[in-house]
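A short write-up of the structure that comes next.
The values are calculated or read from the model by the stated rules, or taken from the named source; none is laboratory data. All values derive from a computational prediction rather than experimental measurement. A quick note on method: Cβ atoms are made from the backbone with ideal geometry, for glycine too, and the neighbour counts reach across all protein chains shown. Note: accessible area is taken over every heavy atom of the protein model, side chains too, but ligands, DNA and RNA are not part of it. Shrake-Rupley method; radii C 1.70, N 1.55, O 1.52, S 1.80 Å.
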There are 2 protein chains.
Amino acid sequence: MRRTLNTTLAEHVGEPVQLEGWIHRRRRLAAVTFLVLRDRSGLSQVVVSDQAVRAALDGLPEETVVRVTGTATANAKAPDGVEVIDPVITALSAPAVGAPVELWRPHLDAALPTLLDHASLTWRHQERRAVWELAAASLRGFRATLDAAGFTEVATPKFTATATESGANVFAVDYFGRPAHLAQSPQFYKQMLVGVFERVYETGPVFRAEPHDTVRHLAQYTSLDVELGFIADHRDVLAVLREVLAGMVVAVAEHEDACSRAGVEVPVVPEQIPLIHFQDALHLVGADPDEPDLAPEHERELSRWALREHGSDFLAVEGYPALKRPFYTHPQPDDPRWTNSFDLLFRGLELVTGGQRLHEHGDYVTALTARGQDPGDYGAYLDTFARGMPPHGGFALGLERWVARLAGLDNVRRSTLFPRDLHRLTP
Amino acid sequence: MRRTLNTTLAEHVGEPVQLEGWIHRRRRLAAVTFLVLRDRSGLSQVVVSDQAVRAALDGLPEETVVRVTGTATANAKAPDGVEVIDPVITALSAPAVGAPVELWRPHLDAALPTLLDHASLTWRHQERRAVWELAAASLRGFRATLDAAGFTEVATPKFTATATESGANVFAVDYFGRPAHLAQSPQFYKQMLVGVFERVYETGPVFRAEPHDTVRHLAQYTSLDVELGFIADHRDVLAVLREVLAGMVVAVAEHEDACSRAGVEVPVVPEQIPLIHFQDALHLVGADPDEPDLAPEHERELSRWALREHGSDFLAVEGYPALKRPFYTHPQPDDPRWTNSFDLLFRGLELVTGGQRLHEHGDYVTALTARGQDPGDYGAYLDTFARGMPPHGGFALGLERWVARLAGLDNVRRSTLFPRDLHRLTP
């Protein structure tokens, strides 16, 4: 017999069915035992009346994997109006042991270290699993939007001889006896590939040796990187970002069941994301006009403002000071103290960094020299700009941050399958 | 004016158009100069008659980025029957300098080191670019097939405390002062996540410190990983692999233009991929029956046999000896010298490794102990199998190998954007 998924059981009323999944919960009453079975689609209810089967089930703790054959039967009182009766239950695994959490409870109240130490188990919880299902949906929406817009997916090297952004926060690797670094971002490579494909994206791990233990930094996260050529300035990049976010939101919203389990309020992406200049943003939050960056509390304050004034969960801040942006950042043409770059805030958190890049070889040499760096250290990356590169720009979006804010989670560790940080290298 | 892509020029005959791209080739005749422009869609022809414009064009070498405005005009002798006349040409980059290869030539005859040293430039060549476009199409087909089959995409940690397969060929990282390794595969994590999502996949970089300099090994490659629960045995895994390959081939074939530029003969994936037992495979190629593995020349010989006997570019070999497979491999139930594992050969090369895994905690303890390993070293991975895991299995497919065989390339470095090997850490 072919397997039936729990959520399609109602299509088989009156028929023999075979279910497979995890014992989610057993409730032993006087005359019957209710078995709630969990599979990737959801839950179903199995009614066990036979005394021998009930006795056998007593020996199969929650999380044991079983096959259930029986008859799908309509019952208005059962979930989805259907349940399985007269079951034969076959264990597909040895009886499960030692669960440190009760996965059948509606909410998992475990402390963060317990959640993370037992990640392979705690992700089985329906609420938690929904969080990652929305991450997967977001990836799908991201790629679908870009594929439709003529972007090419690329795969870039994670071993580099040169650190991307600065010398700080890089992981050192022994590369066949030579020193190397793990890539902090695909930045250099996605720019070089604009010269090949014009429009590229990559979804993959990036590595930051973050020495700080915060709720929003990890040593590895999934970066959704985009880069495109033939732009006028960073606002063309923002327009693509707007489309990408809209595509991600559509994919998330399609997964209604997971949105409901994860308690997600699906955001609306405005046709035009509200945009404010960095100088005005500082003024708005009453910060010192010489501040070189926005503090986390400023980002939260600005997000509240965008929601209040523009009804938007998203706010773009453009024009960040040149001194705080990487050397490849394009200056603001009318005032080079500022740049054609932006951050995107989503519900109080910096989610995306992007902007226009320099595209002329000479400008790179000038920018690097002004920072006291040797252009010769940048090899093939820098050479590329002498070989004809269009005006271009791009952005990077942190997947786990996006999902954390989407689901209202207070720590990016809760939206990362197996987080890696200063203290955590397992599981 | 909005930009027109080269390959849509024929839709605009008689209209003013604006093209943007790279100067692919200039041909100066007595009265006119032909400018061939390249963009992400392909080539177009621009006819320059104005003497001042011709003189200006003389100063813009091949690969310079330009904007061309002019009139699209039908001309039966032009490529696609259309060309642009009366152009105004604006440089969008400084004149390109120093190209070590001539990208306008139909074939790029450069030696491999030149190709790789100047990768950001040589990938611009139409033949070469087509190769990676087929890699991107393959990724699309891979994910589309699995998304439709209820798989969830996952993202697993690349820093691990334990080496996945064995202690060999791992890269060491300084992880905040602690020793760690780069993941050789997502194997442990994808298995753990079968307990959560039942069916998972990941596309991402894996890291092998390959000490050998061969045409088919790299220090980093893109692994397409799949794992699924509730299987009977490895043949259920092979059935999913068959669907995935078929989906990848469809996506590749849809990109007709790239197939043609890359000289790809699109393979047919048979309804049933021919399957041979390892023992029979050894016999067929006349190898010693005690050989523990297939040598590269055996793989080529077996592929020729599959093509001859079954008309198939694909051949699955099942039952590899237990001694040569990792500890998590499920034995062949009727004879534990062999395993429920397989390799898939494609046009003479091992492309995929897969099989059924152990799923009972006790079996893992036995298998590790028999190999002289301490089960205690495997922490949360091993614990997962005590918490209810279904029979499961999966496979891993090397993207760059797939594309290399698809395009008939003799070295996997030719299908990798920026290869990393024993000697190469740049660009």
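A few points about this structure:
- The dipole here belongs to segment A:6-91: it is taken about the Cα centre, uses +1 on the Cβ of Lys and Arg and -1 on the Cβ of Asp and Glu, and is about 300 debye.
- Just so you know, the Rg over Rh for the protein assembly as shown is 0.99, from Cα atoms, with Rh as the Kirkwood radius.
- Nearest-first distances (nm) between copies at A:Asp335, label 7 Å from Cα via Cβ: 8.0
- Shielding value for B:91-100 is 5, the average number of Cβ atoms from other chains within 10 Å of each residue's Cβ.
- Residue of A:Ser415, A:Ser260, A:Ser223 that the Gaussian network model of chain A assigns the largest fluctuation, springs spanning Cα pairs under 10 Å: A:Ser260
- Burial ranking of peptide ranges A:374-386, A:336-348 (average Cβ count within 10 Å, highest at the top): A:336-348, A:374-386
- Shortest-first distances to equivalent copies, position A:Asn411, nm, label 7 Å out along Cβ: 4.9
- Principal-axis tilt of helix B:234-254 within chain B, Cα atoms, nearest 10 degrees: 0
- For A:Gln220, nonlocal amide neighbours, meaning residues 5 or more places apart or on other chains whose placed amide H falls under 5 Å from its own, are A:Arg208, A:Arg420.
- Shortest-first distances to equivalent copies, position A:Ala56, nm, label 7 Å out along Cβ: 8.5
- Averaging 1/r across all pairs of distinct Cα atoms in segment B:6-91 and inverting the result yields a Kirkwood radius of 12.5 Å.
- Percent carbon-and-sulfur accessible area, segment A:2-88, ignoring ligands, DNA and RNA, probe 1.4 Å: 55
- Per residue, the solvent-accessible area of the protein assembly as shown (1.4 Å probe, heavy atoms of protein chains only, all protein chains present) comes to 38 Å².
- Helix A:126-148 and the longest principal axis of the C-alpha atoms of chain A enclose an angle of approximately 50°.
- Positive end of the dipole of segment A:6-91 (Cβ unit charges, origin at the Cα centre): among A:Leu37, A:Val82, A:Thr71, the Cα lying farthest that way belongs to A:Leu37.
- Contact order normalised by residue count of segment B:269-407, Cα under 8 Å, 6+ apart, percent: 20
- Under the convention that each Lys and Arg Cβ holds +1 and each Asp and Glu Cβ holds -1, the size of the dipole of chain A around its Cα centre is about 1460 debye.
- Shielded residues, segment A:221-257 - accessible-area loss of 10 Å² or more between chain alone and all protein chains, probe 1.4 Å: A:Thr222, A:Phe230
- Remark: accessible area buried at the A-B interface is about 7400 Å², both chains counted, probe radius 1.4 Å.
- Summed side-chain charge close to A:Val154 - residues other than A:Val154 whose Cβ falls under 10 Å, Lys, Arg +1, Asp, Glu -1: -3
- Angle in degrees between helix A:361-370 and the longest Cα principal axis of chain A, rounded to the nearest 10: 90
- Using a Gaussian network model of chain B in which every pair of alpha carbons under 10 angstrom is joined by a spring, one finds that among B:Ala239, B:Ala370, B:Ala407 the greatest mean-square fluctuation is at B:Ala370.
- Percent accessible area from carbon and sulfur atoms, segment B:119-415, protein chains only, probe 1.4 Å: 49
- Here the relative contact order of chain B, from alpha carbon pairs under 8 Å that lie six or more residues apart, stands at 14 percent.
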